[in-house]
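Everything below concerns the one structure shown next.
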Amino acid sequence: MRTVEEALAEILERVERLGVERVPLLESLGRTLAVNVHSDTDVPPFDNSAVDGYAVRASDTFGATLGRQCRLRTLGDVPAGSMATEAVEEGTAVRVMTGGPMPAKADAMVMIEDTRSSERGIIEILEAAKREQHVRRAGADIRCGELVLCAGTRIRPAEVGLLATVGCATVPVNRRARVAVLTTGDEVVDIVAGELPSPGHIRNSNRYALTALVQESGAILHSLTHLPDDPDAIEAAFRACSDQLTGADVILTAGGVSVGDRDFVKPTLEKLGHLDFWRVAMKPGKPLAFGSIGNTLFFGLPGNPVSAMVTFELFVRPALAKMEGRADLARPLIFAQLTQDIKHESGRREYVRAITLTENGGFLTTPYEKQGSANLRSMTAANSLLILPTESEGL
Ligand code: AMP
Ligand code: MG
């Protein structure tokens with residue numbers, strides 16, 4: 001049996017980045033940048049004012065205070081969107097709005113609050129200005145040609161704004177994986193509004209939880225199929241989903257991958273493609289088949305709903321992220337103090353659904369009381385997976 005690390009390393013080794021496509025800037029949110037982005041301009045592009053006020057020569061205002069204000073002759077205003085035409089010669093000032101360009105020869109801004117205008121054509125400065133105060137110089141934030149975003153970055157609203165600043169109307173992003181979700185089981189039925197499943201049947205929760213996980217991880221749903229425990233139906237579906245032209249990048253199955261005599265997923269994968277491994281020393285989710293059919297990667301997840309979700313989180317999500325060219329594959333890992341003892345049988349690493357909170361600058365964690373691998377309540381109640389080391393006899 002592979003350890004979790006071995007299994008993940010083997011999976012990531014097999015996964016290749018998908019191709020690149022260009023999308024309009026507003027469609028790039030949530031996507032992954034495929035190239036390094038350099039600025040095509042200085043930011044800010046020209047020297048400008050950080051305040052509403054008067055552009056001055058700091059030396060003209062030396063010693064000015066309330067009661068000993070200095071008087072400067074005002075030249076024309078600089079409206080937003082235009083360039084200053086007149087230079088600030090000795091003894092003069094120009095009105096500039098926030099973001100407006102600095103006139104030539106001015107080296108400081110005086111805030112409007114530190115001025116008084118009592119006479120037409122004259123402005124009184126009530127506080128001495130220091131050179132460069134409230135002035136934003138061209139290129140102070142970003143230099144033309146500077147690297148601003150790296151390939152592999154996930155595009156959030158701030159990245160959208162920065163891409164606009166540096167002139168990217170369209171953005172090269174990596175293609176998202178198309179994932180086929182297949183659930184299995186004669187006992188599993190779809191939900192019908194207002195109806196309960198007939199005796200012996202259960203509702204198909206994996207169909208929905210796995211699709212949601214695929215979508216949340218930024219991938220695209222290729223198709224959604226439920227299969228009876230019938231080798232011919234399973235084989236036909238695997239063939240369709242791994243078709244050269246119309247198939248998926250990834251096949252994800254749930255259930256039918258254990259050692260029961262109605263578990264046909266593994267033998268069918270072995271018949272049509274290649275099985276790399278099929279068991280991982282973890283709990284929940286020991287049976288996990290990984291392999292490929294043609295160019296399509298194959299993950300056979302366990303059928304129990306919690307096991308399916310946890311194995312998706314540990315193995316499928318990082319694989320999809322790598323396919324999409326993401327630089328960050330791992331979730332945050334923290335150390336937390338247990339609020340109660342927890343038992344563990346050594347031999348498999350356990351992922352316990354837990355509620356983790358901050359307290360006094362540290363983390364406290366409480367395992368959810370019912371850890372059954374079919375109990376989705378443990379997943380909705382928890383905000384974290386508590387990792388119990390393989391050899392541990394309890395913590
Ligand atoms: P299996 O691996 O097929 O033996 O399934 C393990 C357990 O998970 C069984 O109790 C199944 O009934 C249950 N199960 C399998 N598939 C689903 C599904 N799509 N939704 C909910 N439960 C499932
Ligand atoms: Mg089954």
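Whether a residue is under 30 Å from G152 (Cβ atoms), in contact (Cβ under 8 Å) with a residue 12 or more places away in the chain and surrounded by fewer than 19 Cβ atoms within 10 Å (Cβ to Cβ) was assessed, and L252 does not pass this test.
Per-residue answers, yes or no, for (1) more than 30 Å from L75 (Cβ to Cβ); (2) touching an Asp or Glu at 6+ places or on another chain (Cβ under 7 Å):
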position	(1), (2)
R131	no, yes
V135	no, yes
D141	no, no
I155	yes, no
N174	yes, yes
T183	yes, no
E187	yes, no
L196	yes, no
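Inspect region 25-45 for any residue being small (G, A, S), more than 20 Å from S217 (Cα to Cα) and either touching a Gly at 6+ places or on another chain (Cβ under 8 Å) or at pLDDT below 95 (or both) and give the result as yes or no. Yes, that holds for at least one residue.
When W278 is tested against the conditions (1) within 16 Å of ligand 2 (Cβ to nearest atom); (2) in a helix (DSSP H, G or I); (3) aromatic (F, W, Y), the lone failure is (2). Residues satisfying the criterion are absent from region 76-83 (criterion: out of contact with any Cys (no Cβ under 7 Å at 6 or more places or on another chain), modelled with pLDDT of 95 or more and over 29 Å from V316 (Cβ atoms)).
Residues of region 240-275 that are within 16 Å of ligand 2 (Cβ to nearest atom) and among the hydrophobic types (A, V, I, L, M, F, W, C): L252, A254, V257, V259, F264, V265, L269. Listed by first and then second residue, the pairs linking a residue in region 212-239 that is closer than 18 Å to M309 by Cβ to a residue that is among the aromatic types (F, W, Y) and away from ligand 2 (no atom under 15 Å from the Cβ), with Cβ atoms under 8 Å apart and 6 or more places separating them unless they lie on different chains, are L213/F312. For region 26-53, filtering for residues that are under 18 Å from G325 (Cβ atoms) and part of a helix (DSSP H, G or I) leaves 1. Within region 276-314, how many residues are out of contact with any Pro (no Cβ under 6 Å at 6 or more places or on another chain) and either among the polar types (S, T, N, Q) or more than 16 Å from ligand 1 (Cβ to nearest atom) (or both)? Residues meeting the conditions: 14.
Right, D328: exposed (fewer than 11 other Cβ atoms within 10 Å of the Cβ), part of a loop (DSSP other than H, G, I, E, B), touching a Gly at 6+ places or on another chain (Cβ under 9 Å) and not basic (K, R) or not? Spelling it out, it is not the case that D328 is exposed (fewer than 11 other Cβ atoms within 10 Å of the Cβ), part of a loop (DSSP other than H, G, I, E, B), touching a Gly at 6+ places or on another chain (Cβ under 9 Å) and not basic (K, R). For the criterion of being in contact with a strand residue (DSSP E or B) (Cβ under 9 Å, 6 or more places away or on another chain), away from ligand 2 (no atom under 16 Å from the Cβ), under 18 Å from T183 (Cα atoms) and of a type in the set (A, V, I, L, M), L288 fails. Taking into account only those residues within region 62-75 that are charged (D, E, K, R) and modelled with pLDDT of 95 or more, which is farthest from E113 (Cα to Cα)? Applying the filter and picking the extreme gives R73.
Tell me, yes or no, whether region 302-312 has at least one residue that is farther than 22 Å from T356 by Cα, of a type in the set (S, T, N, Q) and either modelled with pLDDT of 95 or more or crowded, with 20+ Cβ neighbours inside 10 Å (or both). Yes, region 302-312 contains a residue that is farther than 22 Å from T356 by Cα, of a type in the set (S, T, N, Q) and either modelled with pLDDT of 95 or more or crowded, with 20+ Cβ neighbours inside 10 Å (or both). Inspect all residues belonging to region 185-203 and state whether any of them is at pLDDT 95 or above, within 27 Å of K286 (Cα to Cα), surrounded by fewer than 16 Cβ atoms within 10 Å (Cβ to Cβ) and more than 16 Å from ligand 2 (Cβ to nearest atom). For region 185-203, residues at pLDDT 95 or above, within 27 Å of K286 (Cα to Cα), surrounded by fewer than 16 Cβ atoms within 10 Å (Cβ to Cβ) and more than 16 Å from ligand 2 (Cβ to nearest atom): absent. Taken over region 163-183, the criterion of being of a type in the set (S, T, Y) and crowded, with 22+ Cβ neighbours inside 10 Å is satisfied by T183 alone.
The values are calculated or read from the model by the stated rules, or taken from the named source; none is laboratory data. Just so we're clear, the structure is a prediction, and the values are computed from it rather than from any experiment. We place every Cβ from the backbone using ideal geometry, glycine too, and count neighbours over all the protein chains shown.
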